[in-house]
1. Please go through the stretch 11-32 and pick out each residue that is at pLDDT 95 or above and among the hydrophobic types (A, V, I, L, M, F, W, C).
2. How about the stretch 21-37: which of its residues are over 26 Å from N69 (Cα atoms) and among the polar types (S, T, N, Q)?
3. Name the residues in the stretch 32-82 that are assigned to a helix (DSSP H, G or I) and either closer than 25 Å to T14 by Cβ or touching a Phe, Trp or Tyr at 6+ places or on another chain (Cβ under 7 Å) (or both), would you?
4. From the set of residues in the stretch 51-82 that are polar (S, T, N, Q) and over 12 Å from the mean Cα position of the chain (by Cα), which is surrounded by the most Cβ atoms within 10 Å (Cβ to Cβ)?
5. Using the structure shown, decide if I7 is touching a strand residue (DSSP E or B) at 6+ places or on another chain (Cβ under 9 Å), within 25 Å of Y77 (Cβ to Cβ) and either surrounded by 12 or more Cβ atoms within 10 Å (Cβ to Cβ) or touching a residue at least 12 places away in the same chain (Cβ under 8 Å) (or both).
6. Restricting the search to the stretch 52-77, which residues are basic (K, R) and more than 13 Å from Q6 (Cα to Cα)?
7. Please identify the pairs in which a residue from the stretch 25-51 that is free of Cβ contacts under 8 Å to residues at least 60 places away in the same chain and closer than 21 Å to G5 by Cβ has its Cβ atom under 9 Å from the Cβ atom of a residue that is in a loop (DSSP other than H, G, I, E, B) and β-branched (V, I, T), counting only partners at least 6 apart or on another chain.
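The values are calculated or read from the model by the stated rules, or taken from the named source; none is laboratory data. Please read these numbers as outputs of a predicted model, since none were measured by experiment. Heads up, the Cβs are rebuilt from the backbone with ideal geometry, glycines too, and the neighbour counts pull from every protein chain shown.
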Amino acid sequence: MCRTGQIFQVNDITQNDRYTALSELPQTRTELVLPLCIGSDVIGVLAIHSDRPAHFDQEDQKVLQILANQIAMAIRYVKICS
């Protein structure tokens, strides 16, 4: 995901062998990872967790990607100003 700039979602981490649960967030069932992009460059990710399986739908992804884009622009602005 980080390399491609694509949204990545695990609908139920207990059913995904490739997912490593975080001890700091033991109730996590769903994780949504959104790219923070400036142009075509991925500068980071925003990871959103839920304690419910398959919690995030397409509308959630759309709204949260807008938030991720705003965060990326804020990071860019801070870098320009410093």
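1. L32
2. S23, Q27
3. The answer is Q58, E59, D60, Q61, L64.
4. Filtering first and then ranking leaves Q70.
5. yes
6. Matches in the stretch 52-77: R52, R76.
7. These pairs meet every condition: L32/I7; V33/I7; L34/I7; P35/T4; P35/I7; V42/T4; H49/T28.
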